[in-house]
Amino acid sequence: MTTALGLYSGGLDSLLACRLVAAQGITVRALKFITPFFDHDLLRREVQYRREVREKYSIDVHVVDLSRGYIDLLRSPAHGFGKNFNPCIDCKIMMLTRARELMADFGASFLITGEVLGQRPMSQRRDTMRVIERDSGCSDILLRPLCAKLMEPTLPERQGLVDRERLLAFSGRGRRQQMDLAALFGITDYPSPAGGCVLTDVNLAARIERFYNGLFSIGSRDLRVGDIRLLLVGRQFRLPGGRWLVLGRNEKENRRLETLREPEDWLLRMEKRPGPTGILRRAGQTVAGAGDREEIIRLAAGLVVRYGRKVDGARPPAPVILDRSGNREVLEEVVALDDGSFREWIV
């Protein structure tokens, strides 16, 4: 039996592409690519996610982590960025390259995507789609079932593995044709079209771009997956000397920060009053032993008190716990920073 590998974003287009090809009796194995910028949390519930997709859409999906290579890609994407910090063309090339490399593992004869000609201005123009095929090494083995009749026949069509007459000619940004096709497949519960990649978000993309451009004393060459995940949580501050402080905005984010803590991070929280958990990222490298060590600790602790719960409408001094990888110290009577003193530190 013929097998195809499909790129599965979780959106309606990729879902329909997989089902359309599977309807021809072809085994479709779907690849769900993840990075710190989209869907990374699926790693924590991969088994559950695969079961949900199989039960809901009859698609066998596999999670593939592209994190390390993707972080490197953002330093200088060959085809540049979109409106924000989104390297859409190079992103698709990376995914298809990896999918092509996995074909032998799955015994697949060709690849499929849910792309629709003219739907996205950067990556789904006819000329750009050809560039993506070429640079990923997927020319002639990449089938786009939803718009195949608007493209030249691919190898699986010419070989008779796929019946071209049962493929479609969708184009443009409208969704009515996709919704009608979903109804024919009996699919009624599917995600609304929306970008799940934080690199297309105006505010978050700007923050990430600043990080890559040297926002913190941690250079982009030392950037880790955990750093990106931390960058997307809570209130972010660039303390003097480029030291990186993050404060949780609520209890959920406080718990999240604790899970994102790494061995060289220092943790701060008030001892007796509700307030934020703070992480001084890699303070073991950037703060410990520095001449301004005590000043940086005082500033970070002062921000923890500043964003803590008020007492009778005020923010009185409070003890702050400084946890340096298990070495616990209580900073007595820390004074909240005045608002005007740290505005320029807010990222």
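Values computed for the structure shown
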| quantity | calculated |
| --- | --- |
| Tally of residues being touching a residue at least 40 places away in the same chain (Cβ under 8 Å) and more than 18 Å from the chain's Cα centre (by Cα) across segment 187-229 | 7 |
| Conditions (1) at pLDDT 95 or above; (2) on the phi < 0 side of the Ramachandran plot: number failed by Ala314 | (1) |
| Enumeration of residues in segment 317-330 that are surrounded by 19 or more Cβ atoms within 10 Å (Cβ to Cβ) and either under 32 Å from the mean Cα position of the chain (by Cα) or part of a helix (DSSP H, G or I) (or both) | Leu322 |
| Conditions (1) under 30 Å from Glu115 (Cα atoms); (2) of a type in the set (Val, Ile, Thr); (3) in a helix (DSSP H, G or I); number of the one not met by Thr259 | (1) |
| Complete set of residues in segment 259-298 that are under 20 Å from Val335 (Cβ atoms) and surrounded by 20 or more Cβ atoms within 10 Å (Cβ to Cβ) | Trp266, Leu268, Arg269, Met270, Gly275, Pro276, Thr277, Gly278, Leu280, Val287, Ile296, Ile297 |
| Count of residues meeting criterion [surrounded by fewer than 22 Cβ atoms within 10 Å (Cβ to Cβ) and out of contact with any strand residue (DSSP E or B) (no Cβ under 9 Å at 6 or more places or on another chain)] in segment 126-158 | 12 |
| Subset tally (residues that are under 19 Å from Leu73 (Cα atoms) and in contact with a helix residue (DSSP H, G or I) (Cβ under 8 Å, 6 or more places away or on another chain)) for segment 214-223 | 5 |
| Residue in segment 217-231 that is assigned by TED's automatic domain parsing to the domain that holds Ala283, within 30 Å of Pro316 (Cα to Cα) and crowded, with 16+ Cβ neighbours inside 10 Å present | yes |
| Condition met for Gly278 (of a type outside the set (D, E, K, R) and more than 28 Å from the chain's Cα centre (by Cα)) | no |
| Residues within segment 71-81 that are under 12 Å from Glu209 (Cβ atoms) and in contact (Cβ under 8 Å) with a residue 60 or more places away in the chain, tallied | 2 |
| Selection from segment 91-111 of residues that are surrounded by fewer than 22 Cβ atoms within 10 Å (Cβ to Cβ), in contact with a His (Cβ under 9 Å, 6 or more places away or on another chain) and either under 22 Å from Ser76 (Cα atoms) or not aromatic (Phe, Trp, Tyr) (or both) | Leu102 |
| Residue within segment 6-28 that is touching a strand residue (DSSP E or B) at 6+ places or on another chain (Cβ under 6 Å), among the hydroxyl-bearing types (Ser, Thr, Tyr) and more than 20 Å from Ala183 (Cα to Cα) present | yes |
| Residue list for segment 275-316, filter: part of a strand (DSSP E or B) and within 24 Å of Ile228 (Cβ to Cβ) | Gly278, Ile279, Leu280 |
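The values are calculated or read from the model by the stated rules, or taken from the named source; none is laboratory data. Everything numeric in this text was worked out from a predicted model, so none of it was measured. All Cβ positions, glycine included, derive from the backbone under ideal geometry; neighbour counts span all protein chains shown.
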